[in-house]
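Pasting a structure below so you can have a look.
The values are calculated or read from the model by the stated rules, or taken from the named source; none is laboratory data. Computed from a predicted structure; not experimentally measured. Counting neighbours? That spans all protein chains shown, and the Cβs are built from the backbone with ideal geometry, glycine included. Just the protein is used for accessible areas: all its heavy atoms, side chains included, with ligands, DNA and RNA removed. Shrake-Rupley method; radii C 1.70, N 1.55, O 1.52, S 1.80 Å.
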Amino acid sequence: MGESFDMVTHCTGFTLNEQFMEKFVDPGNHNSGIDLLRTYLWRCQFLLPFVSLGLMCFGALIGLCACICRSLYPTIATGILHLLAGLCTLGSVSCYIAGIELLHQKLELPKNVSGEFGWSFCLACVSAPLQFMASALFIWAAHTNRKEYTLMKAYRVA
């Protein structure tokens, strides 16, 4: 490790191909081998928010169909999709934290850089519990309305 690396301390944008590049055991040293754990943590923390967004959009579409059809089963499906979206968001946040911690074990922060999480990380941390609450509300509403619907049906038959 006789080489010295100049640390870049300004933000740079990454292309889509750069998001999926392999991470190396010694950051910056391409001869040190591929660090599979950090590579796949990085890829997951990039892909899981898109999966979460897709699940929520699909859940919204199913919820709209539930309103139009006046059926209870799509409401349960919407709740389950929101639950899965919350798990994807939570997984993305966890992958990000683990990847950053593994990187900090390999590299020390420069003296003029603070290693704090930003506002977008805080929003991601808040969004996962909100998705879980939305999921619980959808499933609870479907369960509650199913009981009332059954009682109304029994009343009409009687």
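Considering Gly79, Gly86, Gly99, Gly59, which residue is modelled with pLDDT of 85 or more, within 12 Å of the chain's Cα centre (by Cα) and part of a helix (DSSP H, G or I)?
Matching residue, one of Gly79, Gly86, Gly99, Gly59: Gly86.
Among residues belonging to the range 1-36 that are assigned to a helix (DSSP H, G or I) and open to solvent by 80 Å² or more (accessible area, probe 1.4 Å), point out the one that is modelled with the highest pLDDT.
The qualifying residue modelled with the highest pLDDT is Leu36.
If you don't mind, another one. Out of all the residues in the range 62-76, which are assigned to a helix (DSSP H, G or I), aliphatic (A, V, I, L, M) and either open to solvent by 70 Å² or more (accessible area, probe 1.4 Å) or farther than 22 Å from Pro49 by Cβ (or both)? Working first, answer last.
Within the range 62-76, the first condition is being assigned to a helix (DSSP H, G or I), and the residues that meet it are 62-69, 73-76.
When the remaining residues are screened for being aliphatic (A, V, I, L, M), the result is 62, 64, 66, 68, 76.
Listed by number, the residues that qualify are Leu64, Ala66, Ile68, Ile76.
Suppose we keep only residues that are over 30 Å from Leu84 (Cβ atoms), of a type in the set (D, E, K, R) and assigned to a helix (DSSP H, G or I) within the range 102-158. Which one would you say is modelled with the highest pLDDT?
The residue in question is Lys106.
Would you be able to say whether some residue in the range 121-131 is touching a Phe, Trp or Tyr at 6+ places or on another chain (Cβ under 9 Å), open to solvent by 50 Å² or more (accessible area, probe 1.4 Å), free of Cβ contacts under 8 Å to residues at least 60 places away in the same chain and on the phi < 0 side of the Ramachandran plot?
Yes.
Let me ask another. So, Tyr96, is that one surrounded by 12 or more Cβ atoms within 10 Å (Cβ to Cβ), out of contact with any Cys (no Cβ under 7 Å at 6 or more places or on another chain), in contact (Cβ under 8 Å) with a residue 40 or more places away in the chain and not small (Gly, Ala, Ser) or not?
Spelling it out, Tyr96 is indeed surrounded by 12 or more Cβ atoms within 10 Å (Cβ to Cβ), out of contact with any Cys (no Cβ under 7 Å at 6 or more places or on another chain), in contact (Cβ under 8 Å) with a residue 40 or more places away in the chain and not small (Gly, Ala, Ser).
Regarding the range 42-55, can at least one residue be identified that is modelled with pLDDT of 75 or more, touching a Gly at 6+ places or on another chain (Cβ under 8 Å) and small (Gly, Ala, Ser)?
Yes, the range 42-55 contains a residue that is modelled with pLDDT of 75 or more, touching a Gly at 6+ places or on another chain (Cβ under 8 Å) and small (Gly, Ala, Ser).
For the range 54-65, name all the residues that are among the aliphatic types (A, V, I, L, M) and within 14 Å of Ala134 (Cβ to Cβ).
Scanning the range 54-65 gives Leu55, Met56, Ala60, Ile62.
Just need a number here: residues in the range 102-119 that are open to solvent by 70 Å² or more (accessible area, probe 1.4 Å) and under 18 Å from the mean Cα position of the chain (by Cα). Break it down stepwise before answering.
The initial filter retains those residues of the range 102-119 that are open to solvent by 70 Å² or more (accessible area, probe 1.4 Å), namely 104-106, 108-109, 111-112, 114, 116-117, 119.
Then keep just the ones that are under 18 Å from the mean Cα position of the chain (by Cα); that gives 117, 119.
Count: 2.
In contact (Cβ under 8 Å) with a residue 40 or more places away in the chain and either surrounded by fewer than 19 Cβ atoms within 10 Å (Cβ to Cβ) or in a helix (DSSP H, G or I) (or both): does that describe Thr39?
No, not satisfied.
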